[in-house]
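The values are calculated or read from the model by the stated rules, or taken from the named source; none is laboratory data. What you are looking at is a predicted structure, and each value in this text was computed from that prediction instead of being measured. Backbone-built Cβ (ideal geometry, glycine too); neighbour counts: all protein chains shown. The area values use the complete protein model at the heavy-atom level, side chains included, leaving out ligands, DNA and RNA. Shrake-Rupley method; radii C 1.70, N 1.55, O 1.52, S 1.80 Å.
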Amino acid sequence: MTEPARQQYGVTPPISVATPTDKEVERNQALIEELKKQGSFEGAEESQKRVLVLNTLQNLTEGFVKKVCANKGMPEHIIKNSGGKIFTYGSYRLGVYAPGSDIDTLLVTPAHITRHDFFATLPAMLQELVPPPEDLSMVPDAFVPIIKFKLQSISIDLIFARLANVNSVPKDMALSDKELLRGCDEVNLRCLNGTRVTDEILTLVPKPGVFRMALRGIKLWAQRRAIYANVMGFPGGVAWAMLVARICQLYPMAVSAVVISKFFKILAHWTWPQPVLLKGIEDGPLSVRVWNPKIYPSDRGHLMPIITPAYPSMCATHNITKSTKSIIIREMKHAAEIMDGIMVGNLSWDKLFERHSFFTNGYRYYLSVVAAAKDKDTLLGWSGLVESKLRHLVMKLEILETIKLAHPFNKGFDNVHFCETEEEAIRIANGEIKAIDNQVGVKTVVTDLKAEQNGDVEKKEDESKFKVYTTTYYVGLEINTEISKHIDISWASQEFFETCKTWPSYNEDEHTIHINLARNFELPDNVFQPGETKPVKKTKKKIIKRKAGTANGGSATKKRSADEASINDDTKRARQTSVHQQQPAQA
């Protein structure tokens, strides 16, 4: 009797359909235990709180739609039947969220509610909730317009989409039908794509449970290695999910530990820019752009294309640059070596999840990009804008012959500076932090703009003092000393400043930005974790002249290498090319 044909997942047949061995099952159980030990799973109480928060948002959505309809003078039956629904996407919808994870949410309305209504009406309604949200910020001009806030200590990213040919959005509506997309503009399509892609991924993997556990492992690894951040030019959550899903398709019978092992082995040597696809790219009812490098030059420029499975297919990794691609591949090759040791039993899983060494043993030179404002709320929007544009700075740095690689760190560092005088506050905002660090009047406190305890930090300080809020982003630089001994970032910095200043909300009296070039031993203490060793300045060795015929033999003096000779030159140059966007900040 012939064996029944197995279902094929994905665009190619599987590589192996072998069932797990006892050793692989053992390694898989060790993976689960390590993920528990690492705190990857949320408790039942916290998960229940998420459900309650989502119920609150659903009720708010229905009230929002009714209020907008009433304000527009619509008939009672339309007000009553318009509906509105909250969908989730990302890690929450995939079932791989961790303690403290945000919830990606999508608010869907019928055609007569607009994006303008969303930003004009909903924030005020949010503020009427009990308790009200914290850290509410809006980014209406983002690639995906968004409202961010914390509700009952749970971070929410809320986006909006209207269905142009729908008059009612009931609670049981699904978004799988492509016909619902008719009449949608590109922004609405991008917003709807998150939920549609997440749902498709779960239908395209052979064993969702195996996929989820493997994805938890990959997400933790990517976060620990600081290569998890779409905005910085690294894969985001959905991109990592699609990569894991593709390996699950190639090994449909494997346990999660094997999926992770094959993940690194295959993707570290993937023939980019060959795209990663979970299924064939589909046609649809809309005359909209679908990813196609044969037609669109910009699609041909994608360095590591990972294509979303839901129509219209898009590239989830268009932000990746030459530098971040190199870093991702380097990390995958390193992880592949570790996984070889784990699978044969020579290494334990905690080795895979070791923290990055970006600051401790990463680079000799760093750029610090500092966004500053006079209050927390102002900085939230401004630092978000600077963060979203940072990859443009990276791409400009990559053009310079003297820079081999520009490695952006995947998050910023927040500080609040308490100053005795307005002059000190202005100098802080304009990038002269080092000039006044040792003055008694300035106290710098590490904080978190989005953390609940921010208010407590401020209350402990004298309210009469002038405050300046800053967020600092770092870019590690690998220098090509064979080209030049000097680092000149002035052109790239000025171009970056001009890009940031095009922000519609930019105000030269409220927002400042500056860039400094520094050596690794000049990094501030707040970028290092407890137990990490901060780089120290190397002291010059005394050159002892020896006569010919001594024990060492050869020449009596040693010439400096080009790299060594560049140290002093680069330090001087760093002081000269630290670029400041000087603005009369009123702190």
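Annotation: average projected area of segment 44-198 is 9.0 square nanometres, based on the convex hull of Cα atoms across all directions. Keeping the other protein chains in place, figure out the carbon and sulfur percent of the accessible area of the chain, with a 1.4 Å probe. Taking all protein chains in place, the chain shows 51 percent carbon and sulfur surface.
What is the local net charge at R355, summed over the other residues whose Cβ is closer than 10 Å to its Cβ (Lys, Arg +1; Asp, Glu -1)? Neighbour charge sum, excluding R355 itself: 0.
How much length is gained on full extension from H269 to E432, taking 0.36 nm per residue of separation minus their Cα-Cα distance?
54.2 nm
Entry comment: accessible area of segment 44-198 is 43 Å² per residue, from protein heavy atoms only and a probe of 1.4 Å. Protection proxy ranking, highest mean first, for peptides 163-173, 77-87, 45-55: 77-87, 163-173, 45-55, where packing is the per-residue count of other beta-carbon atoms within 10 Å, averaged. Here the 3J(HN,Hα) profile of segment 180-185, calculated from phi with Karplus coefficients 6.51, -1.76 and 1.60 at θ = phi - 60°, is 5, 7, 4, x, 7, 7 Hz, Gly and Pro shown as x. Between A124 and K538, the FRET efficiency from the beta-carbon distance, with R0 = 41 Å, is close to 0.10. Length available on full extension from N361 to N507: 0.36 nm per residue minus the Cα-Cα distance, which gives 48.8 nm.
Relative contact order for the chain: what percent, with Cα pairs under 8 Å and sequence separation of 6 or more? Mind dumping the intermediate values first?
Details: 1006 pairs, mean separation 76.3, N = 587.
It rounds to 13 percent for the chain.
The solvent-accessible area of V11, taken with every protein chain present and a 1.4 Å probe, is close to 70 Å².
Applied to segment 84-90, the Karplus parametrisation 6.51 cos²θ - 1.76 cosθ + 1.60 on θ = phi - 60° returns per-residue 3J(HN,Hα) values of x, 9, 8, 10, 10, 8, x Hz, with x for Gly and Pro. A cut-off of 5 Å between modelled amide H atoms, ignoring neighbours fewer than 5 places along the same chain, links I403 with N480. When DSSP beta bridges are restricted to pairs lying wholly in the chain, around 85% turn out antiparallel. Residue ranking by accessible heavy-atom surface, 1.4 Å probe, largest first, among K376, K294, K322 comes out as K294, K322, K376.
Extending 7 Å from Cα along the Cβ direction at F41 and again at T56 yields two label points whose distance is 2.7 nm. Of all complete DSSP H helices in the chain, those with a Cα span along the helix axis of 15 Å or greater and a mean Kyte-Doolittle hydropathy of -1.0 or more are 44-71, 115-127, 186-203, 208-224, 237-250, 256-267, 322-344, 376-399, 490-501.
Spacing of the modelled spin labels on S298 and Q529, each 7 Å from Cα toward Cβ, amounts to 3.7 nm. Under 18 Å of direct C-alpha separation, and excluding same-chain neighbours fewer than eight residues apart, K404 reaches these aspartates and glutamates: E331, E478, E482, D488, D563, E564, D570. Measuring r between the beta carbons of K411 and T21 and using R0 = 30 Å, the FRET efficiency lands at 0.15.
Rounded, prolate or oblate for the chain? Axes are the square roots of the Cα gyration tensor eigenvalues, ordered a ≥ b ≥ c, and the cut-off for rounded is a/c under 1.5. It is oblate, given that a/c is not under 1.5 and a/b is not larger than b/c.
Our note on the geometry: Cα centres of segment 132-178 and segment 11-32, 38 Å apart. Once every DSSP H run of n ≥ 4 in the chain is given -39500 (n - 2.57) and the sum is divided by its residues, what mean residue ellipticity at 222 nm do you get, rounded to the nearest 500 deg cm²/dmol? -12500 deg cm²/dmol, from helical runs alone. Lysine pair count for segment 44-198 with Cα-Cα distance under 15 Å and sequence separation of 8 or more or different chains is 9.
Projected label points at N346 and E498, each 7 Å from Cα along the beta carbon direction, are separated by 5.4 nanometres. Full extension of the chain between T378 and E282 gives 30.3 nm of extra length, using 0.36 nm per residue less the Cα-Cα distance. All other residues whose Cβ lies under 11 angstrom from that of L278 are scored, Lys and Arg at +1 and Asp and Glu at -1, for a net of +1. The relative contact order of segment 44-198 comes to 25 percent, based on Cα pairs under 8 Å that sit 6 or more residues apart.
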